[in-house]
Amino acid sequence: MFQDLVPGFDALAVGLLALLILDYIRVSLRQGLRTLPGPVLARFSYLYRLLMVYNGDGPANYLKIHQKYGPIVRVGPNEVSVADPKMIPVIYGIGSKFTKTPFYDTMAPVYQGEVMDSMFTARDPIYHKHLKSSVSQIFSMTNMKNFEVYTDECTQIFMDAMLDLENQSLDFSKWLQWYAFDVISAITFQRRFGFMEQRRDVDDMIGKIDTGLQYVKILGQLPFIIPILRRALLSRQFQRLNLLPDTLDRFMKITEEEIDRYDHHSVENRKAGRTDFLAQLREKEERSGKISHRDMMNHLSNNLLAGSDTTAISLRAMIYYIVRTPHVYDKIQTEIDEADRHGRLSKFITYEECLKLPYLQATMKEAMRLHPGVGFPLERYVPPSGAEICGHRLPAGTNVSISAPVIHQIKDIYGEDADCFRPERWLEASPESLKAMDRYFLSFGHGARTCIGKNISIMEMGKFVPQLLRHFKISWASPLPEWRTHASWFWKQSGLIVRLERRVAP
Ligand code: HEM
């Protein structure tokens, strides 16, 4: 049929096919990459990478290919996955010239018709530095005391709900996410979205992030599409087609409302002693100069996006592993009860108090080691000078990455039983081993682009989990023996069904 419409179609088709094949061969023979081990399909096509993550099993599949091919594997035409911990400082260390890849562009929100790169998605180091400079103090450990009051308010609401729902089967996968989301919005601008009060996904906000992440999971594996899509997203004609849902629109609107609300009541706010993120940013402006409305929007909305799922996943991991490992549950309960009996715990356990519960802290680390919040590889481009990775000279522009779920299974670092949940490993290790375990712990990333919000999460989890265990006995109530997990950047879990029974603290 095409032959009738286009004279010489056969020749054209054969020519195009030949060009395509030649291009595939050229790409697969790329200097520096052609000697790397890996599956044949990955040399030619992005399909392999896509198939590895498509079903949500990315963490297990990356582990498998490294078990099969070794510490360096070619996983795409220009993509290399690394499982050698010594390469972590090389790729991610402070001062490293490796930059984030376009994968991160898939997670940048659009605001007022323009892409708004956040501190997390920014690929340009200068722009990243600009964004970071206005908030790094607010994220510092010493500032966490200003946020505790907001977490305590949310904890009270959570506890009241648990009393109300005592002895019923509860989907804790949802409850813990509602908690984490309400906490981060309260810390960010003193407003709870009300997930816990309404006991539902208000305005489908969590559902919308999940939908967005399904796009991230797929499009992020196809780097040639990302720049086209980024341009299309900004074109009015494309927007009118409504092909991609605007999953972040609601967050932007709420963030705008909250900035407005603050600015209209700034005098009363000050009298009321607001210490949330927004109030602190406005105070910082007074001391060191204007922060643009766009940067303000950027920081506040990013807190919601970067700080809710991640903390919820880590809370789920803690509760799941504690409940499923009776001897751990006994030990952590004993530690909490003893501290309580000796009057070392306030009505709401403070951040300072929870840092003095070593078994709790070890349990938190161990849960995040076995189940890191981010299950995908952290992609970076090799700088213009090229780089020596696992004994191979990789050319500039190669996409290299390391995954936390893979690194955390390395027996030389975490022990022969690295695949088991055993918080004791963090307490028994020699100082030297502990140093290595900490250095290669990748749940919060590493180096120059490490998680800036980690103090918030460590404070939140460290306060909340012992508070919950102090007042409730939690038991597994699912008909299934396990939870389910799905990684689409965040490594989310579902099916964490438990039953709570109140207990009298000693
Ligand atoms: C347990 C909870 C958390 C986990 C597991 C986590 C994980 C991570 C990881 C792995 C990275 C590095 C990403 C990369 O290198 O590509 C990162 C970066 C980041 N995280 Fe977190 N995060 C958590 C909590 C938070 C919170 C509560 C916030 C904010 C309120 C936050 C804000 C950020 C930001 C802004 C970045 C980018 C930092 C930069 O590039 O300078 N995170 N996080």
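Laboratory data are not the source of any read-out in this text; all were calculated from the coordinates shown. Note that the structure is predicted; figures quoted are calculated from it, not measured. FYI the Cβ positions are ideal-geometry reconstructions off the backbone, even for glycines, and counts take in every protein chain you see.
Given R₀ = 25 Å, what would the calculated FRET efficiency be for residue 171 paired with residue 60, taking r from the Cβ atoms and rounding to 0.05? Mind dumping the intermediate values first?
Working: r = 24 Å, r/R0 = 0.95.
It comes out at approximately 0.55.
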Taking 0.36 nm per residue of separation between residue 51 and residue 480 and subtracting their Cα-Cα distance, the length gained on full extension comes to 151.7 nm
Answer in debye to the nearest 20: the dipole magnitude of the stretch 357-446 about its Cα centre, from +1 Lys/Arg and -1 Asp/Glu charges placed on Cβ, is 260
Sorted by chain and then number, the residues having a modelled amide H within less than 5 Å of the amide H of residue 80, at least 5 places away or on another chain, are 75, 399, 400, 401
Two pseudo-spin positions, 7 Å from Cα along C-beta at residue 231 and at residue 285, lie apart in nanometres by 3.6
With the charge dipole of the stretch 112-215 built from beta-carbon charges (+1 for Lys and Arg, -1 for Asp and Glu) about the Cα centre, the Cα from 116, 157, 146 projecting farthest to the positive end belongs to 116
Burial-style ranking of 359-365, 68-74, average other-beta-carbon count within 10 Å with highest first, yields 359-365, 68-74
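Please find the FRET efficiency linking residue 388 to residue 140, where r is the Cβ-Cβ separation and R0 is fixed at 35 Å, and quote it to the nearest 0.05. Intermediate values should be presented prior to the final figure.
Values: r = 35 Å, r/R0 = 1.00.
Approximately 0.50, to the nearest 0.05.
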Computed over the chain, the relative contact order (Cα-Cα under 8 Å, seq sep at least six) in percent reads 23
So for R0 = 22 Å, FRET eff. of residue 396-residue 34 from the Cβ-Cβ r, to 0.05, ends up at 0.85
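Work out the length of the dipole vector of the stretch 223-382 about its Cα centre, built from +1 on the beta-carbon of each Lys and Arg and -1 on the beta-carbon of each Asp and Glu, and round it to the nearest 20 debye.
Numbers: 25 positive and 23 negative charges, 98 e Å.
Here the stretch 223-382 has a charge dipole of around 480 debye.
Give me the extension gain from residue 115 to residue 292: residue separation times 0.36 nm, minus the current Cα-Cα distance, reported in nm with one decimal.
On the way: separation 177, 0.36 × 177 = 63.72 nm, distance 1.57 nm.
My answer for the length gained is 62.1 nm.
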Simple spin-label estimate for residue 503/residue 353, 7 Å along Cα→Cβ, in nm, reads 1.7
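Can you tell me the dipole magnitude for the chain around its Cα centre, using point charges on the Cβ only (Lys, Arg +1; Asp, Glu -1), in Debye to the nearest 20?
On the way: 63 positive and 58 negative charges, 212 e Å.
That gives a dipole near 1020 debye.
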With label points set 7 Å from each Cα along the Cα-to-Cβ direction at residue 67 and residue 16, the distance between them in nm comes to 4.3
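Once the Cα gyration tensor of the chain is diagonalised, what are the square roots of 5 times its eigenvalues, in whole Å and ordered largest first, as equivalent ellipsoid semi-axes?
Values: eigenvalues 325, 167, 101 Å².
Values for the chain, descending: 40, 29, 22 Å.
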Long-range share for the stretch 1-144, i.e. C-alpha pairs more than 25 Å apart as a percent of all pairs, stands at 54
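Test of understanding: ordering 347, 463 by Cβ neighbours within 10 Å, fewest first, what list do you get? Walk me through the numbers on the way to the answer.
Working: 347 8, 463 24.
With the sparsest Cβ surroundings first, the list reads 347, 463.
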Expected unfolding gain across residue 342-residue 204 under the 0.36 nm per residue rule, minus the alpha-carbon gap, is 45.3 nm
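Considering only Cα-Cα distances, which of the following residue pairs are longer than 20 Å: 68/217; 132/284; 64/411; 68/365; 145/284; 68/97? Mind dumping the intermediate values first?
Numbers: 68/217 24 Å; 132/284 13 Å; 64/411 15 Å; 68/365 28 Å; 145/284 17 Å; 68/97 30 Å.
Listed pairs above 20 Å: 68/217; 68/365; 68/97.
Please give the peptides 127-133, 50-56 ranked by average Cβ packing (other Cβ atoms within 10 Å per residue), highest first, as a rough proxy for protection. The partial results should precede the final answer.
Details: 127-133: 14.6, 50-56: 17.1.
Packing proxy ranking, top to bottom: 50-56, 127-133.
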